[in-house]
Amino acid sequence: AIPLASVMRGCGSIFSASQGTMATFDLSVPARRIKYFISHNWSVSRWDKFTALALTFNFHFMAVIMLFTLGTIAVLSLLGLAPELETRSDTKLSAGFLARMTVVPISFCVLLFGRDLCSIFGWIGPLTFLDKACIHQVDEGLKGEGIEKLGAFLRISDRMLILYGEAYCRKLWTVYEVANFLIFNTVTRLDVMPVLLPRIVFCAIPLFFANALLTMFLRSCCDVHWTMYVCVFVSSVTYAILCRRWALHKAETQTRLKNFEVRDCVCAVESDRKIIYGKIAGLMRISRRVEREASLEECLTAFNEMVRGMMPVAFKVMFGPNMLSYPHYLLVGSILSAPTAVDELTRLQYEPAQTIKGFCRDAFWCITGYPIAMWCTEVMVGRFPHWRGCRQVFLLLGTIIGLMIPGIAVDTVMDFLEHRSEPWALWAMIAITSFTTLSTILVDQLLGSRAGKKILRPAKGKILSVMIQCN
């Protein structure tokens with residue numbers, strides 16, 4: 001097994017080429033148990049794999065650092081120690097800028113290099129299996145023995161992490177790995193990270209950071225609001241296109257798996273096809289899907305039937321109803337609104353009511369507004385997978401415009417309340433923010449649990465029936 005820190009070192013330099021050396025093999029260590037079996041295709045780029053691993057293993061660490069940074073700056077702002085920037089806005093005489101200048105860059109660096117930072121202090125992370133490092137790549141004899149023991153690696157792995165690209169279900173090796181793992185494990189031990197997801201996150205962070213700096217600069221000389229709308233529109237178009245692409249690929253994957261044919265799968269090294277066919281035949285015989293005397297063709301046919309019955313349900317569970325979860329939505333909302341909310345705390349001493357209203361407005365968009373808009377976008381653009389051409393463009397633009405209109409209307413109401421000096425405006429802002437925050441969290445819990453039960457229960461039953469037949 002190879003420690004996770006070694007896999008992610010140097011921005012995933014180990015993924016730069018499929019050919020291994022003695023140096024890469026020396027990164028691995030003997031192990032009785034493996035935490036994660038990393039299943040991937042070498043056709044996926046090094047950067048996509050590295051960012052997928054970073055988002056998987058550094059996300060919570062980044063969230064902790066972000067909260068710590070925001071909390072520290074908030075304390076400095078309340079104590080009057082944070083620097084301020086004079087503005088020309090009608091309602092904001094001055095505001096801090098430290099959070100907007102530092103929180104996003106620090107969080108971005110932690111998300112990318114958090115594992116390297118942990119390794120400095122001796123925390124190498126969980127043990128993983130990566131074919132290039134755990135199977136000898138120089139000695140052909142040892143390489144053959146490692147390939148023969150691939151099933152053993154799968155059996156001592158607690159979980160399988162799939163770095164899912166568009167070619168994943170078309171590759172012979174990866175289909176064999178997932179099928180082998182599912183025969184002896186439940187679908188709940190499978191984790192999937194679509195490589196499209198980190199593209200969204202790592203494109204959104206610099207875009208929103210640039211928007212925050214531009215807005216801060218413009219508000220120092222004039223009162224503007226249009227920059228945020230332009231940024232949101234541009235990011236919404238990108239996000240909608242990626243969500244549509246993901247929805248179409250999910251539908252295509254289900255169709256491909258339901259009509260799976262092992263002989264049509266692609267093998268990067270054609271000479272490996274015979275080896276994989278032999279391992280599939282052995283797997284089918286061991287799992288008693290066929291008789292021990294069955295021919296290779298009978299074993300391949302049985303493997304086709306097993307994949308068609310097991311894999312569509314398993315991948316439906318792994319993909320889930322949405323590509324993003326609420327924590328991911330909350331991350332984007334935090335990048336957009338949380339630094340601004342913290343910076344405005346510098347005005348609390350001399351504009352308490354105005355500061356609280358601004359804080360409530362930013363909190364609303366962070367916790368409720370942006371997450372709901374992103375969830376609705378993902379749900380709506382995933383409809384009608386058979387639409388192509390002009391109808392598909394109409395669906396994307398209609399979704400974006402249809403969500404931006406009520407978004408601008410809500411922001412206009414918030415802006416109206418923020419400009420009012422009456423006490424009722426302050427209490428209205430507090431009530432709206434409190435109600436929407438509690439409602440969002442409650443709905444997320446209810447929808448998450450119901451969606452999970454709705455998908456997972458029949459999936460578990462169907463996969464369990466296949467496993468019983470296998471055993």
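Condition check: surrounded by fewer than 16 Cβ atoms within 10 Å (Cβ to Cβ), modelled with pLDDT under 85 and closer than 23 Å to L324 by Cα. Does S449 satisfy that? Explain how you work it out, then say what you get.
Working: surrounded by fewer than 16 Cβ atoms within 10 Å (Cβ to Cβ): yes; modelled with pLDDT under 85: yes; closer than 23 Å to L324 by Cα: yes.
When the stated conditions are applied, S449 passes them.
Run down G358, G398 and say which single residue is over 25 Å from the mean Cα position of the chain (by Cα) and modelled with pLDDT of 90 or more.
Values: G358 fails: modelled with pLDDT of 90 or more.
Answer to the check: G398.
Quick one: is F202 under 15 Å from S39 (Cα atoms) and in a helix (DSSP H, G or I)?
Details: under 15 Å from S39 (Cα atoms): no; in a helix (DSSP H, G or I): yes.
Answer is no for this residue.
Give me the strands (runs of 3 or more DSSP E) completely within the range 55-148, filtered to those with at least 1 residues that are of a type in the set (A, V, I, L, M), more than 30 Å from T346 (Cβ to Cβ) and at pLDDT 85 or above, ordered by residue number.
Of the strands (runs of 3 or more DSSP E) lying wholly inside the range 55-148, those with at least 1 residues that are of a type in the set (A, V, I, L, M), more than 30 Å from T346 (Cβ to Cβ) and at pLDDT 85 or above span 127-129.
Determine which member of the set L324, L300, L242, L331 is out of contact with any Ser or Thr (no Cβ under 7 Å at 6 or more places or on another chain), modelled with pLDDT of 85 or more and buried (at least 17 other Cβ atoms within 10 Å of the Cβ). Working first, answer last.
Details: L324 fails: modelled with pLDDT of 85 or more; L242 fails: modelled with pLDDT of 85 or more; L331 fails: modelled with pLDDT of 85 or more.
So the residue among L324, L300, L242, L331 that is out of contact with any Ser or Thr (no Cβ under 7 Å at 6 or more places or on another chain), modelled with pLDDT of 85 or more and buried (at least 17 other Cβ atoms within 10 Å of the Cβ) is L300.
Restricted to the range 185-198, and to residues that are assigned to a helix (DSSP H, G or I) and under 9 Å from the mean Cα position of the chain (by Cα), which residue is nearest to G165 (Cα to Cα)?
Restricting attention to the range 185-198, the residues satisfying the condition of being assigned to a helix (DSSP H, G or I) are 187-189, 196-198.
The next check asks that each one be under 9 Å from the mean Cα position of the chain (by Cα); those that pass are 196-198.
On the way: L196: 8, L197: 11, P198: 12 Å.
Looking at the filtered set, the residue picked out is L196.
Could you list, in sequence order, the residues of the range 160-184 that are open to solvent by 10 Å² or more (accessible area, probe 1.4 Å) and in contact with a strand residue (DSSP E or B) (Cβ under 8 Å, 6 or more places away or on another chain)?
Result: A167, R170, K171, E177.
The values are calculated or read from the model by the stated rules, or taken from the named source; none is laboratory data. All of these numbers come straight from a predicted model, not from anything done at the bench. In this analysis, Cβ positions are derived from the backbone assuming ideal geometry, glycine residues included, and neighbour counts consider all displayed protein chains. Only protein heavy atoms, including side chains, enter the accessible area calculation; ligands, DNA and RNA are left aside. Shrake-Rupley method; radii C 1.70, N 1.55, O 1.52, S 1.80 Å.
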